[in-house]
Amino acid sequence: MTKKRKPRRPTGDRSSSSPTGPPRTGGASPERRERKEQARQAREAARKRAQRTARIRRAATFAIIAVVGVLIIQLFQRAANPRPIPPAALEAAKAAGCSTIQTPEQGQVDRSHLDPGASYTYSQHPATSGPHDPSPLGIPPRVYPAPIPETKAVHNLEHGAVIIYYRASGDGALSQVKIDRMTTIANTSHNTILAPYDQLPDGTALAFAAWNKLQTCPTTVSGPQATTIAKGFLYAYLCTGNAPESQNGEGC
């Protein structure tokens, strides 16, 4: 006996096996998508604000560095203006018969460099300006026992140095006691040189030189007077803008 085949269900009829309820739309709900978009926009805005703040900070930092750099350069390049000679030094100089402060060269002063080691004849002694050797004297030492090359000494004056010259021998020589006083001043001051000078004018035993500035004293100047005058001259001109390149001086 043959078995009866059950009739097949049409293939398009799937209603009995389909899940109940509304059809799925797929993905997140519109409200959730909107919240995610708002969060993304907020993050993007925060990122842009952070980038903008960082750019502003970098620009401000570079500006501050530039300003500080300029100020530092100006600080090193700018020296204090010459100061007036203190009254005590003026009184001591007058009592000792010293000269007033002289400015030997008027107008534009020659600051050219000679060939290394070349000699030059200055019209004024001691020289306080003019053509000079490319290399200044070394400091220290501050006290030289023998005459120094004047072309190098003038370069030191251009660098804001003060040089104390004295007559070492012969008539009108400065006494050893006074030389010792000047030695102490030179050794306790920066950018200062003490040296004998053979060509001091007659009647001059002591001279104080800065760039284009000169003060001279006779041998009769006393030790205390010489000390007061020297300190006053140093106060007025040492490492000041009186010299064209005072920022290059030792200790300036």
| message | Can you say whether Pro201 is within 28 Å of Arg111 (Cα to Cα) and either among the acidic types (Asp, Glu) or within 35 Å of the chain's Cα centre (by Cα) (or both), as far as the supplied structure shows? | response | no
| note | Exactly one of Pro145, Pro140, Pro149, Pro196 is surrounded by fewer than 22 Cβ atoms within 10 Å (Cβ to Cβ) and under 23 Å from Gly97 (Cα atoms), and that residue is Pro196
| Out of (1) at pLDDT 95 or above; (2) surrounded by fewer than 21 Cβ atoms within 10 Å (Cβ to Cβ); (3) of a type outside the set (Lys, Arg), the odd one out for Gln247 is which? | (1)
| field | Elements of type strands (runs of 3 or more DSSP E) contained in region 157-252, each with 1 or more residues being touching a Lys or Arg at 6+ places or on another chain (Cβ under 7 Å) | value | 192-196
| note | Only unsatisfied item for Asp202, checking (1) surrounded by 16 or more Cβ atoms within 10 Å (Cβ to Cβ); (2) at pLDDT below 95, is (1)
| note | For region 152-179 the number of residues that are surrounded by fewer than 16 Cβ atoms within 10 Å (Cβ to Cβ) and hydrophobic (A, V, I, L, M, F, W, C) is 1
| request: Starting from residues that are part of a loop (DSSP other than H, G, I, E, B) and in contact with a strand residue (DSSP E or B) (Cβ under 7 Å, 6 or more places away or on another chain), keep the ones in region 101-118 and report whichever is surrounded by the fewest Cβ atoms within 10 Å (Cβ to Cβ). | output: Thr103
| note | Listed by first then second residue, the pairs whose first member lies in region 139-153 and is under 18 Å from Leu238 (Cβ atoms), whose partner is assigned to a loop (DSSP other than H, G, I, E, B) and small (Gly, Ala, Ser), with beta carbons under 7 Å and at least 6 positions apart or on separate chains, are none
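The values are calculated or read from the model by the stated rules, or taken from the named source; none is laboratory data. Bear in mind that the values here come from a model prediction, so they are computed numbers and not experimental data. Ideal geometry is used to build each Cβ from the backbone, glycine not excepted, and the neighbour counts take in all protein chains shown.
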